[in-house]
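Visitor: I'd like to ask you about the structure that follows.
The values are calculated or read from the model by the stated rules, or taken from the named source; none is laboratory data. The structure displayed is predicted, hence computed values, not measured ones. When we count neighbours, we look across all protein chains shown, and the Cβ atoms used for this are built from the backbone with ideal geometry, even at glycine.
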Amino acid sequence: MLNGKCPKCENVVQQGRMEHMNISDGTMSLKAFSAACPHCNTILGVVLDPRPPEAMLEKIMKALRIR
Ligand SMILES: [Zn+2]
């Protein structure tokens, strides 16, 4: 996954610490994961959660039940 050195503490990061986070611009919010350095907690990168949000899932489930 992540390979290389942390830009802050310069430790080799073989496995980033995954954390959930929300990204928001004030009106809409997206779920995402951040990868943090396990040594100093510096965030190395952010990826969007590829799963649909729960509200969306609910709509999909309802639609499936109707059909
Ligand atoms: Zn670090």
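Visitor: So which residues in region 1-15 are within 10 Å of the ligand (Cβ to nearest atom) and either aliphatic (A, V, I, L, M) or closer than 26 Å to GLU54 by Cβ (or both), if there are any at all?
Guide: Narrowing region 1-15 to residues within 10 Å of the ligand (Cβ to nearest atom): 5-13.
Residues satisfying the conditions are VAL12, VAL13.
Visitor: Also: Can ALA32 be described as in contact with a Leu (Cβ under 8 Å, 6 or more places away or on another chain), within 10 Å of the ligand (Cβ to nearest atom), free of Cβ contacts under 8 Å to residues at least 24 places away in the same chain and not charged (D, E, K, R)?
Guide: On the way: in contact with a Leu (Cβ under 8 Å, 6 or more places away or on another chain): yes; within 10 Å of the ligand (Cβ to nearest atom): no; free of Cβ contacts under 8 Å to residues at least 24 places away in the same chain: yes; not charged (D, E, K, R): yes.
Criteria not met by ALA32.
Visitor: Just to verify a result, which residue in region 48-67, among those that are among the aliphatic types (A, V, I, L, M) and either modelled with pLDDT of 90 or more or over 30 Å from PRO7 (Cβ atoms) (or both), is surrounded by the fewest Cβ atoms within 10 Å (Cβ to Cβ)? Show your work before the answer.
Guide: Just the residues of region 48-67 that are among the aliphatic types (A, V, I, L, M), to begin with: 48, 55-57, 60-61, 63-64, 66.
Now restrict to residues that are either modelled with pLDDT of 90 or more or over 30 Å from PRO7 (Cβ atoms) (or both): 55-57, 60-61, 63-64, 66.
Details: ALA55: 8, MET56: 10, LEU57: 11, ILE60: 11, MET61: 9, ALA63: 9, LEU64: 8, ILE66: 5.
This residue is ILE66.
Visitor: Follow-up. Looking at (1) without any contact (Cβ under 8 Å) to a residue 12 or more places away in the chain; (2) part of a strand (DSSP E or B), which one does ALA63 not meet, given that it meets all the others?
Guide: All conditions pass for ALA63, except number (2).
Visitor: Another question, then. Quick test of your reading of the structure: ALA55 fulfils all but one of (1) free of Cβ contacts under 8 Å to residues at least 40 places away in the same chain; (2) among the hydrophobic types (A, V, I, L, M, F, W, C); (3) within 11 Å of the ligand (Cβ to nearest atom). Name the failing condition by number.
Guide: (3)
Visitor: Can you name every residue in region 28-40 that is at pLDDT 90 or above and either on the phi > 0 side of the Ramachandran plot or in a loop (DSSP other than H, G, I, E, B) (or both)? Full working, then the answer.
Guide: Keep residues of region 28-40 that are at pLDDT 90 or above, which gives 32-40.
Passing the criteria: CYS37, PRO38, HIS39, CYS40.
Visitor: Can you name every residue in region 35-49 that is more than 8 Å from the ligand (Cβ to nearest atom), farther than 14 Å from ASN22 by Cβ and not hydrophobic (A, V, I, L, M, F, W, C)?
Guide: GLY45
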